[in-house]
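Working notes for the structure below.
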Amino acid sequence: MDFTLDAEQVALRDAVRGLLGKSYDSTETRRAVTKQDPGWDEKTWSQLAEMGALGLPFAEADGGMGAGPVEVSIVAEEIGRVIAPEPYVEAVVLAGGLVAAVGSDEQRAEILGALSEGTLVPVFAHNEPGQRYSESAAGVTATRSGDGWTLTGVKEPVIGGARADLLIVSAAVDSGVGLFLVQPDASGLTRDGYATFEGGRAARIGLADTPAIALGDGGDQSAAIATVIAEAQIAYGHESLGAMQTALELTTEYLKTRKQFGVPLATFQALTFRAADMYVELELARSTVTWATLVLLDGGDALEAASRAKLQVSKAGRHIGKEAIQLHGGIGMTAEYSVGHFTSRLTAIDHTLGDGRHHLARLAETLEDHEFIEPLP
Amino acid sequence: MDFTLDAEQVALRDAVRGLLGKSYDSTETRRAVTKQDPGWDEKTWSQLAEMGALGLPFAEADGGMGAGPVEVSIVAEEIGRVIAPEPYVEAVVLAGGLVAAVGSDEQRAEILGALSEGTLVPVFAHNEPGQRYSESAAGVTATRSGDGWTLTGVKEPVIGGARADLLIVSAAVDSGVGLFLVQPDASGLTRDGYATFEGGRAARIGLADTPAIALGDGGDQSAAIATVIAEAQIAYGHESLGAMQTALELTTEYLKTRKQFGVPLATFQALTFRAADMYVELELARSTVTWATLVLLDGGDALEAASRAKLQVSKAGRHIGKEAIQLHGGIGMTAEYSVGHFTSRLTAIDHTLGDGRHHLARLAETLEDHEFIEPLP
Amino acid sequence: MRLQLSDEDVAFRQEMREFFTTKIPQSIRDKVAARRELSRDDIVASQQAMNAAGIAVPNWPVEWGGKDWTPLQRHIWHEEMQLANVMPPLAFNASMVGPVIAAFGSQEIKERFLAKTANLDIWWSQGFSEPDAGSDLASLRTTAVREGDEYVVNGQKTWTTLGQYGDWIFMLVRTDPEAKKQAGISFLLIDMTSPGVTVRPIELIDGSFEVNEVFFDNVRVPVDNLVGEENKGWDYAKFLLGNERVGVAPVGSVKRSLATAKEYAKTAGPGGTSLLDDPMFASQFTDLENELLALELTALRVVAHSADGKPHPASSVLKLRGTELQQAVTELWVDMGGPASLASGAGEESDIPDWNKVSTPTYLNFRKASIYGGSNEVQRQIIAGTILGLRG
Amino acid sequence: MRLQLSDEDVAFRQEMREFFTTKIPQSIRDKVAARRELSRDDIVASQQAMNAAGIAVPNWPVEWGGKDWTPLQRHIWHEEMQLANVMPPLAFNASMVGPVIAAFGSQEIKERFLAKTANLDIWWSQGFSEPDAGSDLASLRTTAVREGDEYVVNGQKTWTTLGQYGDWIFMLVRTDPEAKKQAGISFLLIDMTSPGVTVRPIELIDGSFEVNEVFFDNVRVPVDNLVGEENKGWDYAKFLLGNERVGVAPVGSVKRSLATAKEYAKTAGPGGTSLLDDPMFASQFTDLENELLALELTALRVVAHSADGKPHPASSVLKLRGTELQQAVTELWVDMGGPASLASGAGEESDIPDWNKVSTPTYLNFRKASIYGGSNEVQRQIIAGTILGLRG
């Protein structure tokens, strides 16, 4: 059992931190980027590719770096520290992860290679209107058509869907839920993109007899989808850790420097004690999320680990996001100041791939399966 | 709509407060009383009777005072202010209430007259081991026997059961749940009394072919039981209000006078803000409980009002009980000091006739019956 | 003690309910129900409809358009308005500057302003807060230096809500720089079209523009625009802030919002199922309803005890818990939406229901509720100090 | 990064599990499981069994019976003990006075005390807190005045846990009345059978007697009983309190308690049904399990980073959250019982299960957890000040 990064991992962290710290050196810089489509900075994306960050989890044979969940978690956490809007978890962990999990040799080499090089951004089109956090697909059906398939239905909100170079669409097949590759310019496909409240982007993807190619064998991919979603949930957990860390740092810095009634706010114990409670929440979430990544590394129960991490992060993120604004006072409400954006981003992540309530319910179903939780195998 | 006591009610409050303030002028006095059986002071009970407090809710024809729920609430709240151990809610509101609700003319006159005079203490034997807060009776069955009945089964914990002069026992009858009068010295009856953690008394009542007389007609009394229990729940709410009020007063007084690091504790905003939160909880609970009593007065939905009051009091009582001890520090843990006894009593009341969780679940069942709650008819 | 309203008050409640549900344009009320932003015209139209009926400023002296209502009637008026999805009269006019002018202004200044203020012909902005002051209002630095018949005003105000719509602004300015903090402050009215007044909107974290910075660069203001006496402004401000705390609990609007959420919840589950069948959601709704009941009843108790129009100290309870519940309900809306709550910017072509689109911006926006108008920390201080006597 | 324990640590864990579940008398472990009070003999028997195996005081220097374990091994030792319902070695001996004597005592004093301390042949009490001091430990007033080869001790200590069993007491006493607060304090060992020592038990709100007042009336103490140097006691006390914060999170025992509660819950519903079928109970169990997991993992992180035996500042997180969860679980037990939780005094003839009888006294008793041993307010102060750098 070891919770520390090795030298190579520290180097990766520092490199990513250096890069993103330059790209997003101020709230103003980030706002300028998120105000324009695609909502993120293509140059930063290329630089992440050059550094090898986009290919981290993929096999070298597929054009990746052959690293693992710990390296991914390092990048995600740095993304969170500056709430960089680049779709790292969406493209690499989620879409890339599905390709790596079920794609044919050819599909893997082609898609993951281009993704790793930064020349292709795939996203997973999975959410459906009115289905909340369902992991199945009810609103899009796949029909065989010659050698390929056609898809019909609606996916929304699809994060990063408007800018994506390739859509990986989940759809109902006879045997369960299949995965399909769809080109954005395919016939019958409409996409309407829009901004999300935290500066991100999402889209409605309409499909009408839209030609598609099966990712993998065209059969039921429910198990792979569940596992990859779990990996993304855990990576989002790290993104949230980064964001919570910065939100706490901004808050403590503010309490130290801001004066009211002639003295620094840090004089008021009622405020500093609340900062202490934020720290407690952050550290407990950090423990759980880091553990979840180690469970992935160890080949343990990804779904359980992801739910545990997401639940803890949901609670911590809400607590820290709210308190960070409240302890700042009015300035925390303004878009020109940084802290509110962290709260926004934490809120967005919370409602992506299941909030705390959803994961609590999921975990409750397995409550009687164990006497108590043994975190170390 | 009027939330103020009239002159007569103020006079009643002052009289009860005067009496109980003398009976329980210190923690030491109360401890001396609760250490000895029956766990309360017979003299104080007689004085309450002389003052008319025990007969308040009963018709004058039955030997009572012909007053109503507001007057009962006043006494209950004063009981709570000094956490007097006399079984006011148990004997008057609960047991007396059942007799008033379903007893024959004769039974009412006989029992309520003696209760009002302080010469007879009846209690309601209703709880059954392993049945939690059930309002039905499963563990005791009633069988016809000549003109009367016999009862068999176990009731526990029966609050005040060891000292009681008369037991009103709920038991399963063909048509539902019946009510029966049982003499403590009846054949086949065993009672084993014991102290409860807050200084009260309870008992196991064993019944084996024990002769009993039906209270009322021997038929199903479920509706009356539910209503009288609701009245008792609301009265307990007032008892809790009194206890919470004193717990808060003790706490603020302590913060004002106790010094640490050379300054009064009231200097520490982290503590005074928590006292403020206690006040908020108390006032919100006070509003709900008082409203519930007015719903009784108005003939409204007693069960709903009682659940709303009990839920609010459960939350407030836990919060205030815990914080009162915590803000005191070590001294709050000691039996020689007062505040912990208030926390104990609040805990006991919470778990009598349904805690907050129980009432929340009950209210959730009616969630879709209304658009929103309209408190004023 | 009595639960029932008097016959008179029942009739009054009926009258108000009738008025608000029939005399305020349905289109505006629908916008409020859908939690969409109201335009300036919408707000003016609402208030003018009320003013035409003589019920826009019931808290003012009768001779200036007020009503001789009991505190309970004023409460009923306020609740029924919110339950009917009607925007209350603009607080800056109706609850703030109007009562100050009525109480402390000269006859001349009353005549100049009060009728137009009641009818929202003048849209008032509030110029109290300054940068770096936060809750420490009295540390303000905007100066007004007397030169002949004019004050020359220099400085900066901030958090001026809806300042972009403002015709006039009522200000706290420092007229005696030598005096100690609270002394030396005056209450001054300034035409926002005066040369040297600049309004800069501040974007909030939900993307909305509702607060502003207002800059004053050698703005010349006639001394006639002074309310009351010079250097007595702090007293007037305290009077104003006291009024502000009356009716601070947004009971009616939160009740309405929770009721609407409950209605939507019935089909918001996966595939159109009811979220109320999920015991966790059902419990949360039930608990919030009960907390709101407690708040509403507490507001009624406060109303019943606020004799001379002065704020009951328990008003702080209402502000504190009221904003907590308000925020909890906005959070519930977001949770009900699940991933659809991300789709805040979705347009007409989207399949996401409109209520999902506004949920998260509303949630983020209402983080302000526990900060503005006396933060919840200030309310705790008031409770601890004024009610419990806990002073450090 | 790695999840797996090393093979060595897996073997160590197995060894500990084996030991605690087989070598500690079952009757004592059953008492702990049932949350009944242990007798003095039970506690002594437990510790002596551990000491016989050489694992009672692993944190001590090896020459005095300690083990050269890694922090992780010490953590495993502590967790396995609690999971097996084994009472940890008496903290006053093993974690407090022992390490202080080993670190600062003379050779003579080490030889006199350490072996007997490890074996609980001497039962130590702690004489730090005084009335009216609360968290302000350094304001202590008990004096030790040197007279020849003796100190004459006068004063009063309080909150002396299990003082009724104490053979000896380690004390902070003021030896230099002129010095400023923290200076002038010495660390003195006193035989509790000395004339002038009086122990008065304090009843707690759950009816238990576990803390005491200890009075010192001209108690004559040989100067040989001074640990280290005169007037350096505050340094030793800080060292001791630092040790106290290591392993403060009662993770194992709370896990055990929650697991047992879950087991009982399966038949604790009305008529023997399962309370786990009630979604509110199921959610609460699930949430507590998750919070406990987070706590346990945080303890592991702290262990992995506590190099030189010094407490990691995040230890305060463990104490703070650990006691919160401990209290939450005791409350859950009470809630599970419903009205049966009233029956605390019920005897053998009662039909109420034993676990219901102890639930509420335990709940009330554990209100102490957030007060004693550095209250949760003190922990928040440490986090805000030491970790976040927020100093008023």
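We did not get these values from a lab; they are worked out from the coordinates using the rules stated. Since the structure is predicted, the reported quantities are computational estimates derived from the model, not experimental observations. When we count neighbours, we look across all protein chains shown, and the Cβ atoms used for this are built from the backbone with ideal geometry, even at glycine.
How many Å³ per residue does the convex hull of the Cα positions in the stretch D:133-182 occupy? It would help to have the intermediate numbers written out before the result.
Working: hull volume 4.6 nm³, N = 50.
Convex hull of Cα atoms, per residue: 91 Å³.
Could you put A:Thr227, A:Thr343, D:Thr22, B:Thr196 in order, starting from the residue whose Cβ has the fewest other Cβ atoms within 10 Å? Mind dumping the intermediate values first?
Values: A:Thr227 18, A:Thr343 27, D:Thr22 9, B:Thr196 22.
In increasing order of surrounding Cβ atoms, one gets D:Thr22, A:Thr227, B:Thr196, A:Thr343.
Among residues other than A:Gly39 whose Cβ falls under 13 Å from its Cβ, what is the net charge (Lys/Arg +1, Asp/Glu -1)?
On the way: positive: A:Arg30, A:Arg31, A:Lys35, A:Arg163, A:Arg201, A:Arg345; negative: A:Asp37, A:Asp41, A:Glu42, A:Glu86, A:Glu90, A:Glu198.
Within the 13 Å Cβ shell, the charges total 0.
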In terms of the Cα gyration tensor, with a ≥ b ≥ c the square roots of its eigenvalues, is the stretch B:1-113 rounded because a/c is under 1.5, prolate because a/b exceeds b/c, or oblate?
oblate
Let me test this: with uniform point scatterers at the alpha carbons of chain D, what is the Debye-based log₁₀ I(q)/I(0) at q = 0.06, 0.10, 0.14 1/Å?
-0.25, -0.71, -1.35
Once phi is turned into θ = phi - 60°, what whole-Hz ³J(HN,Hα) does the Karplus curve with 6.51, -1.76 and 1.60 give for every residue of the stretch A:267-278, x standing for Gly and Pro?
6, 8, 4, 4, 8, 5, 5, 6, 5, 4, 5, 4
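Over the stretch C:245-387, what relative contact order in percent results from Cα pairs under 8 Å that are six or more residues apart?
This gives 26 percent for the stretch C:245-387.
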Please name which of D:Trp159, D:Trp123, D:Gly207 has its Cα lying farthest along the dipole of the stretch D:123-228 towards the positive end, using unit charges on Cβ (Lys, Arg +1; Asp, Glu -1) and the Cα centre as origin.
D:Trp159
Sorted largest first, the Cα spans of the stretch C:245-387 on the principal axes come out in Å as 54, 29, 22
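Relative contact order of chain B, please, whole-number percent, based on alpha carbon pairs below 8 angstrom and at least 6 residues apart. Walk me through the numbers before you get to the answer.
Working: 717 pairs, mean separation 56.2, N = 377.
The value is 15 percent.
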Put one equal scatterer on each alpha carbon of the stretch B:261-377, apply the Debye formula with no solvent term, and list log10 I(q)/I(0) at q = 0.15 1/Å to two decimals.
-0.76
Assuming a ≥ b ≥ c are the square roots of the Cα gyration tensor eigenvalues, decide whether the stretch D:7-89 counts as rounded (a/c under 1.5), prolate (otherwise, with a/b larger than b/c) or oblate.
oblate
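Arrange D:Glu178, A:Glu365, D:Glu291 by Cβ neighbour counts within 10 Å, fewest through most, would you? List each step's numbers first, then the result.
Numbers: D:Glu178 7, A:Glu365 11, D:Glu291 21.
Result, fewest neighbours first: D:Glu178, A:Glu365, D:Glu291.
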Using the C-alpha gyration tensor of the protein assembly as shown, what are the square roots of 5 times its eigenvalues, in whole angstrom, with the largest one first?
51, 46, 38
Per DSSP, the loop-located chymotrypsin sites (Phe, Trp or Tyr not before Pro) within the stretch A:232-311 having at most 16 other beta carbons within 10 Å are A:Phe261
Cα centroid distance between the stretch B:288-302 and the stretch A:276-344, in Å?
44 Å
Whole angstrom only: what separates the Cα centroid of the stretch C:297-372 from the Cα centroid of the stretch B:6-32?
43 Å
If you line up the Cα atoms of the stretch D:123-228 on their principal axes, what length do they span on each, largest first, in Å?
43, 28, 22
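Between A:Ser104 and A:Asp2, what's the calculated FRET efficiency when r is the beta-carbon distance and R0 is 45 Å? Round to 0.05.
0.80
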Projected onto the charge dipole of the stretch B:265-323 (unit charges on the beta-carbon of Lys, Arg, Asp and Glu, signs +1, +1, -1, -1), the Cα from B:Tyr279, B:Leu294, B:His319 with the largest positive-side position is that of B:His319
3J(HN,Hα) from dihedral phi, the stretch A:244-255, Karplus parametrisation 6.51/-1.76/1.60, rounded to Hz, x for glycine, proline
5, 4, 5, 4, 5, 4, 4, 5, 5, 4, 5, 5
Roughly how far apart, in whole Å, are the Cα centres of the stretch C:147-162 and the stretch B:126-189?
79 Å
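Please order B:Lys315, A:Lys256 by the number of other Cβ within 10 Å, starting at the fewest. Intermediate values should be presented prior to the final figure.
Numbers: B:Lys315 21, A:Lys256 15.
Lowest to highest Cβ neighbour count: A:Lys256, B:Lys315.
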Please give me the summed charge of the neighbours of B:Leu265: other residues whose Cβ is under 14 Å from its Cβ, Lys and Arg +1, Asp and Glu -1.
0
State the number of lysine pairs found in chain A whose Cα atoms come within less than 29 Å, restricting to pairs 8 or more positions apart or on distinct chains.
15
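Largest first and in whole Å, what are the equivalent-ellipsoid semi-axes of chain A based on the Cα gyration tensor, each being the root of 5 times an eigenvalue?
Values: eigenvalues 246, 104, 83 Å².
After diagonalising the Cα gyration tensor, the semi-axes are 35, 23, 20 Å.
List the relative contact order of the stretch D:123-228 as a percent without decimals, with contacts defined as Cα pairs under 8 Å and 6+ residues apart.
On the way: 253 pairs, mean separation 32.7, N = 106.
After rounding, I find 31 percent.
Just to verify a number: FRET efficiency for C:Asp167 and C:Thr273, C-beta to C-beta distance, R0 = 41 Å, to 0.05?
On the way: r = 51 Å, r/R0 = 1.24.
Computed FRET efficiency for C:Asp167 and C:Thr273: 0.20.
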Just add up the charged neighbours of B:Gln183: K/R +1, D/E -1, any other residue whose Cβ is under 12 Å from the Cβ of B:Gln183.
-1
For D:Arg146, residues with placed amide H under 5 Å, excluding near neighbours:
D:Val152
Checked the stretch D:1-153 with the C-alpha gyration tensor, a ≥ b ≥ c its square-rooted eigenvalues, rounded below a/c of 1.5, otherwise prolate if a/b is larger than b/c and oblate if not; verdict prolate
Using per-residue counts of other Cβ atoms within 10 Å, averaged over each peptide, order D:313-322, A:64-73, A:6-15, A:132-141 from highest down.
D:313-322, A:64-73, A:132-141, A:6-15
Which value, in debye to the nearest 20, gives the size of the charge dipole of the stretch D:123-228 about its Cα centre, when Lys and Arg are +1 and Asp and Glu are -1 at the Cβ?
260 debye
